Amino acid sequence: MNVFLPDGTPLELPEGATGADAARAVGEGLARAALAVRINGGPYRDLATRLRDGDRVEIVTRDSPPADGIDPLWLIRHDAAHVMATAVTELWPGTKVSIGPPIDNGFYYDFEFPEGVTISDADFERIEQRMREHIKADEPFERTEVPVAEALERFRSQEQPYKVELIEDLVRNEGVETVSLYRNGPFVDLCRGPHAPSTKRIKAFKLMSTAGAYWRGDASRQMLTRIYGTAFFSKEDLDEHLERLEQARARDHRRLGKELGLFMFSELSPGSPFWQPAGMAIWNELSDLWRSENRRRGYREVKTPILYDVELWKRSGHWDKYQDNMYFTEVEGRPMGLKPMNCPAHIQLYRDQRRSYRDLPIRYSEQGLVHRHEPGGTLHGLLRVRHITQDDAHIFCAEEQIEDEVIGCLEFGFFLYDIFGFEPRLELSTRPESRIGSDEMWDRAEGALEAALRRQGLEYQVNEGDGAFYGPKIDLHMTDSIGRSWQLGTVQLDYSMPERFGLEYTGADNAEHRPVMIHRALLGSFERFIGILIEHYAGEFPLWLAPVQAIVLPIADRHLDYARRVEAELRGAGLRVEVDDRSESVGRKIRDAELRKAPYMLVVGDKEQETGQVALRRHREGDAGAVAVEAFIERAREEIAARGRAESGTRGG
RNA sequence: GCCGGAGUAGCUCAGCUGGUAGAGCGACGCUCUUGUAAAGCGUGGGUCGGGGGUUCGAGUCCCCCCUCCGGCUCCA
């Protein structure tokens with residue numbers, strides 16, 4: 001028979017030839033490099049797949065493009081997961097296996113170890129050693145297709161309940177009659193495939209960490225032990241990956257927060273940052289920006305209490321839906337709760353007067369301090385805290401104003417993100433199972449958000465069932481330095497709260513109408529946003545955000561007076577400036593200023609003192625020559641006004 | 001909340017099988033007075049996360065709790 005290579009060249013092969021045969025027919029080199037085969041532009045298939053006359057055949061090697069979400073690395077990571085399961089089940093007989101997929105940057109496998117066995121990274125060496133043996137043995141991955149009954153019998157007799165459950169679900173949900181099994185060496189796994197031809201294709205791998213993981217992601221089910229690993233086609237690629245991880249760790253906001261003296265945490269108030277002066281400088285810049293932009297866009301700033309009679313929370317629905325995450329106390333015998341959200345407070349402001357359609361939309365903004373009892377195991381530096389300062393706003397508007405207001409919120413968000421060079425992902429979250437309000441309300445609310453997104457031509461992903469209990473929302477997500485995704489902004493549409501609190505406005509028809517509420521946060525919270533900023537800039541803030549914008553470095557003690565005069569002048573110009581007055585060498589002062597990531601170092605000695613200048617040094621860029629103090633001030637002011645994106649802000653991106 | 005790991009000086013960390021704690025950096029003092037990424041010498045500094053227990057004796061072994069780290073679940 002004849003098959004055709006990607007360039008159209010025909011290749012003559014015997015009947016029943018496989019992808020591997022085709023590769024070998026082309027050349028020994030390709031046969032050695034071959035990982036899988038694509039037939040007629042289809043998905044990756046095992047190299048052992050039989051070809052048919054007239055097939056267009058493409059041999060997948062490490063450099064092949066992905067297809068159907070699978071790429072060459074996916075293959076060997078999938079292989080590595082099987083090999084790891086092989087090693088683990090040999091080392092700890094009786095271990096129950098569940099699933100082991102490739103993921104971004106690696107793979108994992110979830111196991112249930114025999115009673116009394118716990119695994120930690122101290123066991124990795126043993127497991128890796130055993131894996132290396134299997135890889136060296138060059139064991140082929142052999143696919144067999146077996147009837148469901150046979151597969152069930154096999155895994156039941158081996159006491160592998162998770163595999164049995166997976167097969168039963170495949171039968172129930174997909175009506176399958178056969179399942180595929182893959183064997184490598186002594187290990188047979190239920191697996192859809194595909195796999196590379198043999199274990200030897202795994203050229204470099206490393207086990208990374210262990211974790212608990214619920215079976216099927218369900219917290220009410222068995223907790224399994226997950227082992228994460230990664231695999232590459234070469235030792236160099238693996239080393240490069242490890243190096244990248246190391247660099248990412250260096251920009252972890254918790255580490256930089258400590259190094260740069262931005263904030264701290266105390267055991268005395270877990271999940272609640274203590275802001276040092278340097279961190280507060282960043283906070284205040286952000287706050288100024290936020291405040292002036294809100295004002296410009298027709299928001300009026302308010303401030304509301306943090307402690308309320310629980311009656312309020314019963315009325316709002318938080319008592320029923322959110323109690324477990326709230327803090328309660330008693331004041332003179334009266335049950336009170338700390339606010340986890342600002343909306344009921346803003347509703348009180350709305351209700352303080354009768355409202356007319358002429359007043360709408362009413363836009364209240366607040367840097368609202370809320371407390372949420374986040375479970376202990378979920379706290380994470382500034383990114384997941386219990387003490388949260390939201391850049392909150394609530395818009396009360398008429399139904400026909402919704403679309404414009406939602407668009408206004410999104411545009412505001414993009415305006416802010418653009419300053420930092422952020423490109424967040426949008427997600428539309430729809431009605432959750434546990435909710436308040438009628439289906440008809442939810443239809444309208446979801447429809448309005450979708451209409452706004454479409455009108456702006458924005459790309460978004462739908463998260464079914466992920467909405468707030470009172471309404472659907474559009475969320476804006478960002479990724480941190482080690483690839484974890486965090487929600488920043490949110491725009492939420494709410495028909496429920498206005499109803500629960502009986503909000504009204506008088507329409508042009510002189511009848512009472514019900515307003516709609518839009519809940520909106522753009523930075524999300526100051527805490528989280530600053531955490532993301534620290535990682536984004538790797539602590540090297542643009543001038544306008546830098547906690548210390550310039551450090552004056554006198555060459556010798558006799559220049560201290562002049563240094564202080566420069567300091568006073570810069571401070572008078574509104575700059576955050578310090579003098580390094582230690583009796584240290586210039587080299588030392590520069591080194592320390594560099595480590596503090598100060599954008600500007602101003603060296604002053606005899607020459608500068610005589611001429612009224614400073615010797616400028618830009619962070620990371622070295623000596624930039626002498627300039628007059630006034631000229632530096634001018635330059636700094638311009639840079640600050642531009643918010644410095646071009647100067648240094650993009651470095652962290 | 002769940003699984004696993006960790007908590008020793010301000011920071012980074014050492015401390016073997018139990019015998020009353022150590023380094024580097026920082027801090028402080030003195031000397032040096034310095035021209036673009038670490039001057040020299042010296043001095044302090046620790047209820048070993050907290051509480052119980054075992055032991056003649058606990059940083060070290062056991063139990064409980066707290067906090068942090070990596071995940072999982074959750075994140076209105």
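The values are calculated or read from the model by the stated rules, or taken from the named source; none is laboratory data. Model, not experiment: these values are computed from the prediction. Backbone-built Cβ (ideal geometry, glycine too); neighbour counts: all protein chains shown. The accessibility values were calculated without ligands, DNA or RNA, using every heavy atom of the protein model including side chains. Shrake-Rupley method; radii C 1.70, N 1.55, O 1.52, S 1.80 Å.
The figures follow:
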quantity	calculated
Among A:Val60, A:Thr18, A:Thr225 the positive-end extreme of the charge dipole of chain A (Cβ point charges)	A:Thr225
Convex hull (Cα only) mean projected area of segment A:275-362, reported in nm² to one decimal	8.6 nm²
Heavy-atom accessible surface of segment A:2-60: percent carbon and sulfur, 1.4 Å	48 percent
Gained length - A:Arg52 relative to A:Met1, 0.36 nm times residue gap less alpha-carbon distance	17.6 nm
Dipole magnitude (debye, nearest 20) for segment A:163-318, charges at Cβ of Lys, Arg, Asp, Glu	180 debye
Helix A:235-250 axis, angle to chain A major axis (alpha carbon atoms, nearest 10°)	20 degrees
Cβ-defined net charge surrounding A:Gly408, 10 Å radius [Lys, Arg +1; Asp, Glu -1]	-1
Dipole magnitude of chain A about its Cα centre (Cβ charges: Lys, Arg +1; Asp, Glu -1), debye to nearest 20	1120 debye
Leading residue at positive end of dipole, segment A:2-60 (Cβ point charges), from A:Pro6, A:Leu30, A:Tyr44	A:Tyr44
Carbon + sulfur, % of accessible area of segment A:206-345 - ligands and nucleic acids excluded, 1.4 Å	49 percent
Alpha-carbon centroids, segment A:353-384 and segment A:531-554: separation in whole Å	28 Å
Average accessible surface area per residue within chain A, 1.4 Å rolling probe, Å²	46 Å²
Segment A:1-68 and segment A:271-299: distance between their alpha carbon centers, rounded to Å	59 Å
Total formal charge among the other residues, if their Cβ is under 15 angstrom from that of A:Pro424, Lys/Arg +1 and Asp/Glu -1	-4
Kirkwood Rh, angstrom, segment A:550-648 [1 / mean 1/r, Cα pairs]	13.4 Å
Over 32 Å (Cα to Cα) - which of A:Lys96/A:Lys206; A:Lys163/A:Lys321; A:Lys206/A:Lys597; A:Lys96/A:Lys321; A:Lys314/A:Lys473; A:Lys96/A:Lys136 fall in this group	A:Lys163/A:Lys321; A:Lys206/A:Lys597; A:Lys96/A:Lys321
Within segment A:98-170, GluC sites (Glu not before Pro) in DSSP loop having at most 16 other beta-carbon neighbours inside 10 Å	A:Glu115, A:Glu159
Shape category assigned to segment A:440-585 from the gyration tensor of Cα positions, a/c cut at 1.5	prolate
Taking the C-alpha atoms of chain A, convex hull volume expressed per residue in Å³	238 Å³
Net charge of Cβ neighbours under 12 Å - reference A:Val117; Lys, Arg +1; Asp, Glu -1	-2
Sparse-neighbourhood loop sites, GluC sites (Glu not before Pro) in segment A:421-460 - DSSP loop, at most 15 other Cβ within 10 angstrom	A:Glu433, A:Glu459
Loop trypsin sites (Lys or Arg not before Pro), segment A:281-338 (other Cβ atoms within 10 Å of the site Cβ: 15 or fewer; DSSP)	A:Arg297, A:Lys303
Share of carbon and sulfur in the accessible heavy-atom surface of segment A:550-648 [1.4 Å probe, %]	46 percent
